[in-house]
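The values are calculated or read from the model by the stated rules, or taken from the named source; none is laboratory data. Since we're looking at a predicted model, the values are computed, not measured. Positions of Cβ are backbone-derived with ideal geometry, glycine not excepted, and every protein chain shown enters the neighbour counts.
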Amino acid sequence: MTQAITKDYRSEVIVIGAGLAGINAALKLEAAGLKVCMLEAQNRVGGRVHSMSQHGGKQEVGGTYIGAGYRRIIDAAKRYDVKLVDVTPMLKFFREQELVLNGEIIRQSEWPDHPGNSFPTNDKNLFPWNYHRVVAERENPLSTPVDWLGPSFSEYDISVHEWLKRLGLSESAIALGYGINVSYGKNAHDVSALLLFFRAAFSVMQRSLAPAGSLGYTAKEGVQRIPEAMADALRQDIHCNKEVTGVESAPDGCKVRCSDGSVYAAKRVVCSLPLGVLRNIGLDPPLSGLQAEALENIESQAITQFYFAHRSKFWEKDGFAPSMFTDGPAGMVSATRSGEDPAEVTGLTAWAMGLKAEKLDTLPAKEAGRLALQAIEAIRPASRGQLELVGAHSWGTDPFAQGGWAYFKPGQIARLTPAMSEPHGLIHFCGEHLATDNRGMEGAMESGERAALEIINA
């Protein structure tokens with residue numbers, strides 16, 4: 001069969017992946033006068049920013065809240081007429097949550113004196129779900145987020161476990177302080193302390209940029225509306241349902257091959273694919289050295305979510321807050337508030353991360369959801385018969401994501417980060433995993449901007 005070939009060296013750039021990083025790169029390139037062709041494997045734009053229609057309104061599956069200091073995202077929303085809603089009134093309710101250990105519900109007021117609290121004496125008032133964040137900010141050797149890439153800070157590229165042991169924490173305290181809310185990796189041995197310090201410095205920077213009293217925003221029509229509006233502003237249409245299988249980089253240009261047999265050609269390529277997806281793409285010539293090592297070994301966070309509709313306000317019956325952090329398969333159970341009234345619970349979402357998510361991902365989605373539901377009902381008898389599973393999503397099993405955000409294991413930041421974003425021939429890379437100053441959605445925007453500037457200044 002003859003392959004369909006699209007060649008246009010006047011276009012100059014093909015952008016692979018229509019998430020925030022790729023779209024922002026495309027917009028910057030077009031603004032510089034370059035003609036851009038965008039290829040997206042899915043039938044939608046946004047990547048890991050995905051707003052699903054569920055019971056109670058829009059359910060954010062990926063990027064959820066826009067930090068009040070996310071200047072690139074906020075500017076894009078304003079530029080492309082996406083209405084933002086201040087979530088400060090809503091977020092205060094997320095502080096109203098219970099702790100569940102070994103099936104016991106522990107109120108926040110009970111925790112400092114609870115026999116299960118093995119934190120150091122001066123930290124007894126800290127809760128397990130935010131312990132490592134608070135301590136990382138308190139002990140942070142970094143002055144600014146970008147410091148994390150400085151050679152003088154490579155000594156902190158050790159495991160979180162080793163760092164907390166140096167602070168004098170017991171094994172049980174480490175298990176509580178990191179294991180109840182595994183933001184990165186599978187456990188405290190699996191993630192670099194330097195990554196936590198970077199995130200802590202980023203949080204401090206964000207607070208300094210935020211308007212007084214504001215914690216952040218969401219988009220009224222769902223956060224996915226931001227990349228959709230950005231995509232609408234592109235001069236060229238995005239080619240959806242174009243799953244890339246290979247990229248060839250030659251001295252005179254690049255060819256991009258898709259699963260449907262089509263081949264696109266241009267002078268340069270911007271690849272914004274997540275690392276797990278990029279592993280399945282044939283690069284010719286292949287990556288080598290530290291870049292190949294980074295691609296092979298840097299992992300992305302396993303995240304699995306289940307969405308529940310509630311038939312009654314069962315939390316009023318048992319007297320506990322609707323939200324809770326658990327050490328069981330349900331993980332973090334969050335009361336969703338996506339309506340006009342920030343006090344109104346519109347649904348509940350169970351978030352499993354790390355090993356919890358990986359175990360659930362071995363089951364069919366409905367079976368995994370039932371397991372999470374059973375875990376909630378075992379903890380909260382008042383919820384029995386009051387919750388209905390209405391949806392589920394696993395980023396780990398999503399073929400176009402292969403995980404949530406990227407994380408770095410001990411030693412990987414100092415060794416691999418400097419090489420990760422280097423161009424490979426005429427292929428340029430971007431994505432949240434390549435951000436240097438920011439995390440999350442803002443990091444994706446930053447990385448897309450950097451990739452575009454590489455080409456503009458080439």
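Residue-by-condition table, conditions (1) touching a strand residue (DSSP E or B) at 6+ places or on another chain (Cβ under 9 Å); (2) more than 26 Å from Arg107 (Cβ to Cβ):
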site	(1), (2)
Gly319	no, no
Asp327	yes, no
Ser334	yes, no
Ala343	no, no
Asp361	yes, yes
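Ala210 is checked against (1) under 24 Å from Phe325 (Cβ atoms); (2) at pLDDT below 95; (3) touching a Gly at 6+ places or on another chain (Cβ under 7 Å) and fails just one. What number does that condition carry? Every listed condition holds for Ala210 apart from (1). The listed residues are Asp81, Asp75, Asp8, and the only one of them that is charged (D, E, K, R) and modelled with pLDDT under 95 turns out to be Asp8. Right, Glu432: in contact with a helix residue (DSSP H, G or I) (Cβ under 6 Å, 6 or more places away or on another chain) and within 23 Å of Ile105 (Cβ to Cβ) or not? No; evaluated as a whole, the condition is false for this residue. Is it the case that some residue within the stretch 171-182 is of a type outside the set (A, V, I, L, M, F, W, C), under 24 Å from the mean Cα position of the chain (by Cα) and modelled with pLDDT under 95? Yes - at least one qualifying residue is present in the stretch 171-182. Checked against the criteria, His189 counts as modelled with pLDDT of 95 or more, surrounded by fewer than 21 Cβ atoms within 10 Å (Cβ to Cβ) and under 28 Å from the mean Cα position of the chain (by Cα). Within the stretch 187-212, the set of residues being over 18 Å from Ala435 (Cβ atoms) and part of a loop (DSSP other than H, G, I, E, B) comprises Asn187, Ala188, His189, Asp190, Ala210, Pro211, Ala212. You will find that of Tyr184, Tyr178, the residue that is in a loop (DSSP other than H, G, I, E, B), surrounded by 16 or more Cβ atoms within 10 Å (Cβ to Cβ) and among the hydroxyl-bearing types (Ser, Thr, Tyr) is Tyr184 and no other. Just to be sure before I move on: is Met38 part of a strand (DSSP E or B) and buried (at least 24 other Cβ atoms within 10 Å of the Cβ) in the structure I sent? Yes. Residue count for the stretch 437-458, restricted to those that are among the β-branched types (Val, Ile, Thr) and surrounded by fewer than 18 Cβ atoms within 10 Å (Cβ to Cβ): 1. Among the residues of the stretch 413-436, those identified as outside any strand (DSSP E or B), of a type outside the set (A, V, I, L, M, F, W, C), surrounded by fewer than 22 Cβ atoms within 10 Å (Cβ to Cβ) and touching a residue at least 40 places away in the same chain (Cβ under 8 Å) are Arg415, Thr417, Pro418, Glu422, Gly425, Thr436.
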